[in-house]
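Here is the structure we will look at, set down as structure tokens.
Coordinate-derived values only; no laboratory data. These numbers were taken from a predicted model, which means no experiment stands behind them. Ideal geometry is used to build each Cβ from the backbone, glycine not excepted, and the neighbour counts take in all protein chains shown.
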Amino acid sequence: MLKVENVSVGYGGAPVVRNISFNLDKNENLCIIGPNGCGKTTLLKAIAGILPYSGSVELDGKPLRRMKIREITKKIAMLSQISGVYFSYSVFDTVMMGRYLHMRGSFFGSASERDRDFVSECLRAVDLESVADRGISELSGGQLQRVFFARALAQEPDVILLDEPTNHLDIKYQIELIEYLKEWSRAGGHRAVGVLHDINLAMRLSENMLLMKDGITAAEGRAGEQIDSGMLRDVYGVDVVGFMKQSLRRWDGM
């Protein structure tokens, strides 16, 4: 179980996230939704062990504070929003970076046949085998997003934290990514925590949602049950569900 209890975190002493709690069992996913600036990304960074926090985060009964960075990164992978590319590795080598913690020998170790095969499997999962030898600086934003997702998969983590994972992806790859994550968590006893702005995609990935507003939990539970249209309207300031229904009616009329 991933157990987050009364987590508060901020920058320079100023709190951004306050007293967030949730539990996530194996084979479960959770989507975190809410307007820009409400603390979603900051919360993910705390869970990943990147930012110091108060409260507790436990994975399968072990507090993150008692785990070394190497152990955390073996168990938790984080896919952040892409802000730029600062190195010129090939696609294959970039995904191989996710294998370093599994390699033996030197600091980075040397890639085994299993490592190379596993990287190829990850590239196949995101439909990038054909560009494995290409430099990542040559890729489109959507391709780059899939490369970094493949790198997260290459870590073989128990938990993947995803910050707007569908950014830069066209509709085809958005749907395929969400469906792959659902199968990944179902098949291997894994868990995914995704920050998503698209509520349709969020509902597709997980029935369980955490709705945030101003750094706190506004609601938690299933869409349409514990989280209803009135709560979404209060948090976002617009009739989110009404807009979604109106859009669907337009498509149905075509």
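How long are the semi-axes of the equivalent ellipsoid of the chain, taking √(5λ) for every eigenvalue λ of the Cα gyration tensor, in whole Å from largest down?
31, 24, 16
Going through the range 1-69, which trypsin sites (Lys or Arg not before Pro) have at most 15 other Cβ atoms within 10 Å and a DSSP loop state?
Here the trypsin sites (Lys or Arg not before Pro) that fit, given the DSSP loop and packing criteria, are LYS26, LYS68.
Using Cα springs under 10 Å in a Gaussian network model of the chain, which residue among GLY224, GLY55, GLY13 shows the largest mean-square fluctuation?
Result for the chain, Cα springs under 10 Å: GLY13 fluctuates most.
Tell me, what ³J(HN,Hα) does each residue in the range 96-101 have, in order and in whole Hz, if you take phi through Karplus 6.51 cos²θ - 1.76 cosθ + 1.60 with θ = phi - 60° and put x for Gly and Pro?
Calculated HN-Hα couplings, in order: 4, 4, x, 8, 3, 5 Hz.
Enumerate by residue number the GluC sites (Glu not before Pro) in the range 127-220 meeting two conditions: DSSP loop (anything except H, G, I, E, B), and at most 16 other Cβ atoms within 10 Å of the site's Cβ.
GLU207
Would you calculate, for the chain, the mean residue ellipticity at 222 nm contributed by helices, counting each DSSP H stretch of 4 or more residues as -39,500 (n - 2.57) and dividing by all residues, to the nearest 500?
-11000 deg cm²/dmol
With a point put 7 Å past each Cα toward its Cβ, work out how far ASP228 is from LYS245 in nm, to one decimal.
Between ASP228 and LYS245, the label points sit 1.3 nm apart.
What fraction of the DSSP beta bridges in the chain is antiparallel, stated in percent and rounded to the nearest 5?
55 percent
Between LEU162 and residues 5 or more places away or on another chain, which pairs have amide H atoms under 5 Å apart, with H built 1.01 Å from N, and which residues are they?
LEU79, VAL193, GLY194, VAL195
Around ILE227, which amide H atoms from residues at least 5 apart in sequence, or from another chain, sit under 5 Å from its own amide H, with H modelled in the peptide plane?
For ILE227, the qualifying residues are ARG222.
Using R₀ = 35 Å, calculate the FRET efficiency as 1/(1 + (r/R₀)^6) where r is the Cβ-Cβ separation of MET103 and ARG66; round to 0.05.
For MET103 and ARG66, the calculated efficiency is 0.90.
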